[in-house]
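The values are calculated or read from the model by the stated rules, or taken from the named source; none is laboratory data. Every value quoted in this text rests on a predicted model; they were computed, and no experiment measured them. Because the Cβ atoms are built from the backbone with ideal geometry, glycine has one as well, and the counts that use them run over all protein chains shown. The protein model used for the area step is the full one, side chains on, heavy atoms only, and it has no ligands, DNA or RNA in it. Shrake-Rupley method; radii C 1.70, N 1.55, O 1.52, S 1.80 Å.
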Amino acid sequence: MSKALDVYCGHADNSIRLISSDGAKTLETAYGHCAPVSCLGLSPDSNYLVTGSRDTTVLLWRIHRVLVSHSNVVSEHSTGTGTLSPTSNSSSHLIEKNRRRRIEGPMQVLRGHRSEIISCCVNSNLGIVVSCSHSSDVLLHSIRRGRLIRRLDGVEAHIVCLSSEGVVMTWNESQHTLSTFTLNGTPIARAQFSFFCSISCMQISIDGTSALIGVNSLENGRAYNNSLNSQLNKSGVDFDSESEETDENNRTDLPSPSICFLDMHTL
């Protein structure tokens with residue numbers, strides 16, 4: 001698909017909505033969850049969409065194009081006399097306009113989490129969906145059968161990404177660690193961040209070798225700030241002592257806010 005999809009979630013009616021690129025029109029509304037959708041992820045080829053919800057499930061959707069009849073498209077770009085408007089550039093423009101995206105599904109209902117899904121992603125070439133929740137391990141499901149194929153035991157994550165090479169990258173907000181694993185759950189690399197900064201978004205390059213991360217300061221009002229401080233106070237964690245105990249060789253000091261490129265295998 002030539003243009004990126006604009007899909008929105010978090011609506012009170014538990015829907016996901018496909019919005020036009022200019023944000024002026026809702027192209028399609030799809031329903032499947034029993035609670036508001038909390039996160040979503042689109043496959044690199046834009047053929048699959050996964051959505052996670054407060055209902056603890058992950059749904060797999062298929063994104064495809066439906067060809068609208070040529071006569072309908074022409075009428076949209078015609079004058080009152082039935083001739084094409086001078087503003088129409090070419091027939092290729094009409095062809096692009098009549099290839100409209102549609103959301104099909106849900107194709108699979110993926111289960112195994114026990115609380116709200118907070119991050120999910122999908123790769124159609126690998127045939128795998130990766131997801132995480134507040135109280136469950138990171139789970140890997142099959143696209144084809146919708147079955148749970150792997151549970152990364154003991155891996156707590158608040159953001160997950162999946163590379164084209166089959167490397168799972170996770171961000172743990174509580175421990176402030178960025179980690180990479182094989183699909184079998186074998187650790188590859190791990191980076192420790194300061195307790196005063198947080199990763200707000202992650203994206204992996206198409207070739208699967210590099211990662212782009214957005215780093216923000218917790219002092220600037222990150223959503224996890226209050227909950228993190230509460231957890232640390234209850235557990236008696238001291239920022240200064242924790243910093244001293246951290247292995248300096250594994251510690252990653254980054255300016256905040258910042259956008260950084262990292263090697264997937266070394267971080």
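Before moving on, here are some points about what is shown:
- Filtered residues of the stretch 182-194 (kept if surrounded by 15 or more Cβ atoms within 10 Å (Cβ to Cβ) and touching a Ser or Thr at 6+ places or on another chain (Cβ under 7 Å)): Ile188, Ala189, Arg190, Ala191, Gln192, Phe193
- Residue check for Arg190: at pLDDT below 95, out of contact with any Phe, Trp or Tyr (no Cβ under 9 Å at 6 or more places or on another chain) and among the basic types (Lys, Arg): no
- Filter result for Asp45 (open to solvent by 50 Å² or more (accessible area, probe 1.4 Å) and either closer than 23 Å to Gln203 by Cβ or in a strand (DSSP E or B) (or both)): yes
- Just so you know, in the stretch 137-161 the residues that are assigned to a strand (DSSP E or B) and open to solvent by 10 Å² or more (accessible area, probe 1.4 Å) include one that is nearest to Pro44 (Cα to Cα), and it is Cys161.
- One residue from Ala35, Ala24 being outside any strand (DSSP E or B), aliphatic (A, V, I, L, M), open to solvent by 70 Å² or more (accessible area, probe 1.4 Å) and farther than 18 Å from Cys121 by Cβ: Ala24
- Ser164 being in contact with a Gly (Cβ under 7 Å, 6 or more places away or on another chain), farther than 19 Å from Asp263 by Cβ and either open to solvent by 10 Å² or more (accessible area, probe 1.4 Å) or in contact (Cβ under 8 Å) with a residue 40 or more places away in the chain (or both): no
- Condition check for Ser115: of a type in the set (S, T, N, Q), open to solvent by 10 Å² or more (accessible area, probe 1.4 Å), assigned to a strand (DSSP E or B) and closer than 28 Å to Leu218 by Cα: no
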